[in-house]
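K.L.:
Pasting in a structure now, in structure tokens, and then I'll have a few things to ask.
Derivation of every value follows stated rules applied to the coordinates shown; laboratory data play no part. Computed from a predicted model, the values in this text were never measured in an experiment. Cβ: placed from backbone, ideal geometry, glycine included. Neighbour counts: every protein chain shown.
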Protein chains: 2
Amino acid sequence: LQLDQATPDQLREWDNQLQQDYEAIVAKKLSLDLTRGKPSADQLDLSDALDGILKGNYRAEDGTDTRNYGGLDGLPEAKRLGADLMCVPAENILVGGNSSLTLMHQTMLTAYSFGLNGAESAWENTIEPKVICPVPGYDRHFTVCEQLGISMITVPMTAEGPDMDAVEALIESDSSIRGLWCVPRFSNPTGVVYSDKTVERIAKLGQIAHRDFRVFWDNAYAVHHLDAQAPELTSIFAATRRHGTEDSVLQFASTSKITHAGAGVAFMAASTSNLAGLKQYLSACTIGPDKVNQLRHAHFLPNREALLEHMQKHAALLQPRFAAVLKALEENFADTCLGSWETPRGGYFVSFDTRPGCAREIVRLAAEAGVKLTPAGATFPYGEDPEDRNIRIAPSVPSIEEVVGAMEVFVVCVKLASVRRALAAQG
Amino acid sequence: LQLDQATPDQLREWDNQLQQDYEAIVAKKLSLDLTRGKPSADQLDLSDALDGILKGNYRAEDGTDTRNYGGLDGLPEAKRLGADLMCVPAENILVGGNSSLTLMHQTMLTAYSFGLNGAESAWENTIEPKVICPVPGYDRHFTVCEQLGISMITVPMTAEGPDMDAVEALIESDSSIRGLWCVPRFSNPTGVVYSDKTVERIAKLGQIAHRDFRVFWDNAYAVHHLDAQAPELTSIFAATRRHGTEDSVLQFASTSKITHAGAGVAFMAASTSNLAGLKQYLSACTIGPDKVNQLRHAHFLPNREALLEHMQKHAALLQPRFAAVLKALEENFADTCLGSWETPRGGYFVSFDTRPGCAREIVRLAAEAGVKLTPAGATFPYGEDPEDRNIRIAPSVPSIEEVVGAMEVFVVCVKLASVRRALAAQG
């Protein structure tokens with residue numbers, strides 16, 4: 001299907017053929033779902049030893065009775081788990097509840113309304129604080145900004161991370177910029193790992209940005225590689241120390257895609273000053289997160305070796321599902337003009353860019369054929385993909401056979417929508 | 001010690017005698033703590049079956065895999081536990097994380113910044129929203145208001161609950177009043193149960209208050225009676241239904257003082273409209289609370305009978321500690337002018353009102369004699385008790401012997417500070 005060289009007759013012939021393929025698929029009455037970036041039941045099973053792991057001993061290593069109130073910071077052994085996960089010193093870790101999204105929301109709300117560095121540092125003191133959002137990106141990051149009424153400015157994602165020329169130019173030209181969202185390893189949804197150079201440039205933003213500028217470094221897939229040779233992420237913590245910009249980066253992670261997605265432990269890593277700012281806010285919201293669950297997790301994943309060994313079991317379940325997606329894309333779209341994608345070495349997504357103006361229609365066609373995809377546009381602020389191109393494919397939950405079946409549908413829908421769009425363009 | 005009739009000589013004699021008693025106590029080098037309203041280790045032991053209670057079955061009754069993401073509302077069986085606890089229909093329950101304080105904070109923040117009933121209902125649209133705080137009250141309620149910059153107006157607590165004449169007069173005269181904090185059963189710290197008439201009048205406030213006015217009904221001690229004959233609390237939910245004021249009351253509770261204080265489950269009960277307003281806010285903050293822990297709690301406390309039976313075990317541990325406090329107060333201060341108190345039939349506190357201007361000095365004297373008390377003033381907004389009279393006694397954590405020992409110190413400190421104050425007043 002070389003659409004750009006095709007005659008109208010050729011396009012119409014393809015349209016007819018693909019329409020028949022599509023109708024055959026619709027007739028199968030499938031019900032498949034590629035929407036959700038969440039672990040499968042098999043993956044969740046890997047951590048079922050958590051409930052009961054304490055065997056009646058609820059004491060933390062420092063003697064804390066984890067059952068009682070208190071502990072805004074987290075248990076020492078839970079901080080070490082966060083340190084193992086994020087490769088930062090345990091003293092820079094704050095342990096939260098079950099959701100890193102909640103920690104990110106709380107931190108952005110604190111930065112916005114109360115100030116991470118005293119009341120004067122609150123972003124809302126600026127007339128219109130803005131946050132830079134690399135796109136495509138994670139919809140829930142955008143929702144946090146939207147709810148708080150913070151303007152979002154997009155920059156393109158590249159194979160090395162955010163377009164740093166664009167990021168630096170924005171920061172230098174607009175003094176109201178206060179934040180940058182990042183998913184640095186196996187980015188949601190493109191799956192890229194930020195290059196060493198990108199990490200270095202982000203670590204230096206604190207030298208050119210406003211004092212209250214913060215990078216929200218959502219390391220959601222820190223240890224979530226599909227193969228042992230997947231690229232590592234350079235330590236931004238070390239880089240900010242070198243550049244004296246420790247206060248400019250806030251790191252987040254959780255065990256949600258390591259143990260039980262909804263019943264894990266979240267972490268933040270930050271400078272002493274940022275941690276103090278957040279804790280001042282948190283002290284009015286809570287007496288402390290669930291320390292019993294922190295202790296369970298510390299017992300279950302006592303060190304980085306145990307953590308990485310555990311993640312290999314996840315990789316063994318995820319890798320064939322990703323392989324099935326990539327095989328379908330390569331067999332059908334390699335060296336075509338129908339779409340492009342990165343080959344993720346970890347994370348939870350494959351991001352597919354269609355020809356302009358096709359994504360919404362592909363998602364609609366797939367839904368009618370019984371395959372649910374993430375709504376087109378979801379990877380952009382306000383749900384608006386200006387070129388209507390990006391589709392996020394999440395293959396973790398369905399079985400391998402279901403992924404194969406869903407991708408057959410996807411391929412037909414991409415072709416059909418692309419041909420029709422080309423036909424429409426010709427007149 | 002009838003101070004008001006005493007001559008200066010008498011006072012000086014008492015002062016000398018009490019000073020000797022006090023020095024004898026200081027010499028004992030005690031280290032006792034009556035500050036914290038938290039369960040003792042013995043109480044926490046009652047719920048140690050929680051960890052491991054699922055025996056590998058993480059499915060909720062509706063088939064939900066509790067391990068995975070999702071469920072902003074809560075599991076059906078967890079809602080029923082909330083309904084059992086708060087005596088409202090399960091459909092009006094939202095299940096939160098481990099902290100009802102967090103739910104209250106989130107709800108007040110939503111009411112203040114985002115609106116529980118659409119953006120136009122946000123309190124911050126009012127020039128200076130105010131919240132009524134019965135005093136003495138719970139310091140963490142005041143801290144929420146303080147952090148959000150919401151003005152607090154105090155009204156006195158009586159033996160039947162807040163002074164409702166004062167509350168109604170404030171609401172009728174000041175259109176910027178948006179809230180009222182309540183701890184309706186075994187009030188923190190006075191221990192009173194709101195009378196039926198008080199509940200009825202609070203349920204009717206929605207008829208005279210601004211449309212966005214909300215009662216924050218923190219039913220923290222809903223089932224926390226010390227004896228089976230303790231007064232029940234009339235259902236404010238039923239009363240608001242009768243009066244058509246369902247939207248004016250937000251109820252909160254948790255299992256924190258039922259199971260494990262820091263690892264329990266929190267609940268909110270509210271009208272459909274209020275729940276929808278809060279959920280809109282929450283949907284940006286979290287993918288959902290810990291459902292595994294909800295399921296543990298639903299298994300552990302499957303119905304109201306089990307809940308009440310469990311609470312009897314708490315009462316058996318708490319009751320003698322409260323008896324020791326009350327015995328010391330009655331033996332020393334009954335029919336004197338040295339202090340007054342309510343006799344709580346449940347909850348976690350005994351509230352003692354000293355002669356004016358003595359509370360801070362009593363707390364200081366006790367601390368120097370090795371007995372920690374909650375800082376004087378903590379039961380008032382901004383930590384300022386205008387008459388310097390209220391002291392909150394929390395006897396749940398120390399052993400009975402320790403409570404007895406601490407109360408001996410307390411009694412001497414009350415007498416000594418009162419005599420000295422009377423001496424100073426005489427010139």
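K.L.:
Using only Cα positions of the range A:130-247, each an equal point scatterer, no hydration layer, compute I(q)/I(0) via Debye at q = 0.16, 0.22, 0.23 Å⁻¹ and quote the log10 values to two decimals.
P.N.:
Per q value, in the given order, log10 I(q)/I(0) is -0.71, -1.34, -1.44.
K.L.:
Still on this structure, please answer the following. Could you put A:392, A:321 in order, starting from the residue whose Cβ has the fewest other Cβ atoms within 10 Å? Don't jump to the answer; show the numbers that get you there.
P.N.:
Working: A:392 26, A:321 23.
Ordered from fewest to most neighbouring Cβ atoms within 10 Å, A:392, A:321 come out as A:321, A:392.
K.L.:
Compute the angle between helix B:291-300 and the longest alpha-carbon principal axis of chain B, please, reported from 0 to 90 degrees and rounded to the nearest 10.
P.N.:
Value to nearest ten degrees: 70.
K.L.:
Still on this structure, I have one more. For residue B:327, go through the lysines and keep the ones whose alpha-carbon is under 17 Å away, minus same-chain ones fewer than eight residues off.
P.N.:
By straight Cα distance, residue B:327 reaches B:415.
K.L.:
Can you work out ³J(HN,Hα) from phi for every residue in the range B:117-129, in order, using Karplus 6.51 cos²θ - 1.76 cosθ + 1.60 and θ = phi - 60°, giving whole Hz and x for Gly and Pro?
P.N.:
Those phi angles translate into 9, x, 4, 5, 7, 4, 4, 5, 5, 7, 4, 9, x Hz.
K.L.:
Further question on the same structure: Kindly list the residues of the range A:1-24 that lie in the label zone of residue A:368, defined by a backbone N under 16 Å from the point 7 Å along the Cα-to-C-beta vector.
P.N.:
From the range A:1-24, the list is A:15-24.
K.L.:
Please compute, for the alpha-carbon atoms of the range A:280-333, the extent along each of the three principal axes and give them in descending order in Å.
P.N.:
55, 28, 14 Å, listed from the longest principal axis down.
K.L.:
Give me the base-10 log of I(q)/I(0) for the range B:106-159 at each q in 0.27 Å⁻¹, Debye formula, one uniform scatterer per Cα, rounded to two decimals.
P.N.:
Summing over Cα pairs of the range B:106-159 leads to -1.04.
K.L.:
I need the Kirkwood Rh of the range A:64-174: take the reciprocal of the average 1/r across all distinct C-alpha pairs and report it in angstrom. Don't jump to the answer; show the numbers that get you there.
P.N.:
On the way: mean 1/r = 0.0607 Å⁻¹.
Kirkwood hydrodynamic radius for the range A:64-174: 16.5 Å.
K.L.:
Report, to two decimal places, the Cα Rg of the range B:185-338 normalised by 2.2 N^0.38 Å (N = number of residues).
P.N.:
On the way: Rg = 18.6 Å, N = 154, 2.2 N^0.38 = 14.9 Å.
Normalised Cα radius of gyration, the range B:185-338: 1.24.
K.L.:
Helix A:164-173 versus the longest principal axis of chain A: what is the Cα-based angle in degrees, 0 to 90, to the nearest 10?
P.N.:
60
K.L.:
Let me ask another. So how long is each side of the range B:298-364 along the principal axes, counting just the alpha-carbon atoms, biggest first, in Å?
P.N.:
50, 22, 17
K.L.:
In deg cm²/dmol, rounded to 500, what helix-only [θ] at 222 nm does chain A give when every DSSP H run of at least 4 residues adds -39500 (n - 2.57) and the total is split over its residues? Don't jump to the answer; show the numbers that get you there.
P.N.:
Details: 14 runs with 177 residues, N = 427.
About -13000 deg cm²/dmol.
K.L.:
Right, something else. Mind putting together the pair-distance distribution for the range A:1-119? All Cα pairs, 5 Å bins, whole percent per bin, short to long.
P.N.:
2, 7, 8, 11, 12, 11, 8, 5, 5, 6, 8, 7, 5, 3, 1, 0
K.L.:
A further question on this structure: Using a 7 Å offset from the Cα along the Cα-to-Cβ direction at both residue A:125 and residue B:13, what is the distance between the two label points in nm, to one decimal?
P.N.:
6.3
K.L.:
How many Cβ atoms of partner chains, on average, are near each residue of B:106-113 if near means within 10 Å of its Cβ?
P.N.:
Mean partner shielding for this stretch: 1.
K.L.:
What order do you get for A:69, B:221, A:382 when you list them from fewest to most C-beta neighbours inside 10 Å? Walk me through the numbers before you get to the answer.
P.N.:
Details: A:69 21, B:221 24, A:382 12.
Ordered by Cβ neighbours within 10 Å, fewest first: A:382, A:69, B:221.
K.L.:
Can you work out which chain A residue has the shortest Cβ-to-axis distance for the rotation that carries A onto B, and give it in Å?
P.N.:
A:52, 2
K.L.:
Using Cα-only point scatterers and the Debye equation, what is log10 of I(q)/I(0) for the range B:340-427 at each q in 0.14, 0.17 Å⁻¹, rounded to two decimals?
P.N.:
At q = 0.14, 0.17 Å⁻¹ the computed log10 ratios are -0.48, -0.71.
K.L.:
Same structure again: Out of A:405, A:357, A:52, any idea which swings most in a Gaussian network model of chain A, alpha carbons joined below 10 Å?
P.N.:
A:52
K.L.:
Same structure, new question: Sort shortest first the distances from residue A:151 to its counterpart in every other copy, using label points 7 Å along the Cα-to-beta-carbon line, and give them in nm.
P.N.:
Copy-to-copy label distances for residue A:151: 3.3 nm.
K.L.:
By per-residue mean of other Cβ atoms within 10 Å, what is the highest-first order of B:92-103, B:225-236, B:205-216, A:106-117? Walk me through the numbers before you get to the answer.
P.N.:
Working: B:92-103: 25.1, B:225-236: 16.6, B:205-216: 19.1, A:106-117: 22.1.
So the order, starting with the most tightly packed, is B:92-103, A:106-117, B:205-216, B:225-236.
K.L.:
Using 0.36 nm per residue, how much length does the chain from residue A:165 to residue A:228 gain when fully extended, once their Cα-Cα distance is taken away? Please list the in-between numbers first.
P.N.:
On the way: separation 63, 0.36 × 63 = 22.68 nm, distance 3.12 nm.
Contour length minus the Cα-Cα distance gives 19.6 nm.
K.L.:
Using only the C-alpha atoms of the protein assembly as shown, find the volume of their convex hull and express it per residue in Å³. Show your work: numbers first, answer last.
P.N.:
Details: hull volume 155.5 nm³, N = 854.
Output value, Cα hull per residue: 182 Å³.
K.L.:
Any of A:79/A:291; A:38/A:291; B:29/B:372; A:38/A:313; A:29/A:372 with alpha carbons more than 18 Å apart? Name them for me.
P.N.:
Numbers: A:79/A:291 11 Å; A:38/A:291 24 Å; B:29/B:372 13 Å; A:38/A:313 15 Å; A:29/A:372 12 Å.
With Cα atoms farther than 18 Å apart: A:38/A:291.
K.L.:
Let me ask you something else. How many partner chain Cβ atoms sit within 10 Å of a residue's Cβ in peptide B:276-284, on average, as a whole number? Provide the component values of the computation, followed by the final result.
P.N.:
On the way: counts 0, 0, 0, 0, 1, 2, 2, 3, 12.
Per-residue shielding by partner chains comes out at 2.
K.L.:
Take residue A:59 and residue B:426, extend 7 Å from each Cα along the Cα→Cβ direction, and tell me the distance between the two endpoints in nm.
P.N.:
5.4
K.L.:
Right, here's the next one. Every other copy gets compared here: list the nm distances from the residue B:173 label point (7 Å along Cα to Cβ) to its counterparts, shortest first, one decimal.
P.N.:
5.9
K.L.:
Please compute the volume of the convex hull spanned by the alpha-carbon atoms of chain A and report it per residue in Å³. Walk me through the intermediate numbers first.
P.N.:
Values: hull volume 60.8 nm³, N = 427.
Spelled out: Cα convex hull of chain A, divided by residues, is 142 Å³.
K.L.:
Quick one: helix B:272-285 against the long Cα principal axis of chain B, what's the angle to the nearest 10°, folded into 0 to 90?
P.N.:
90
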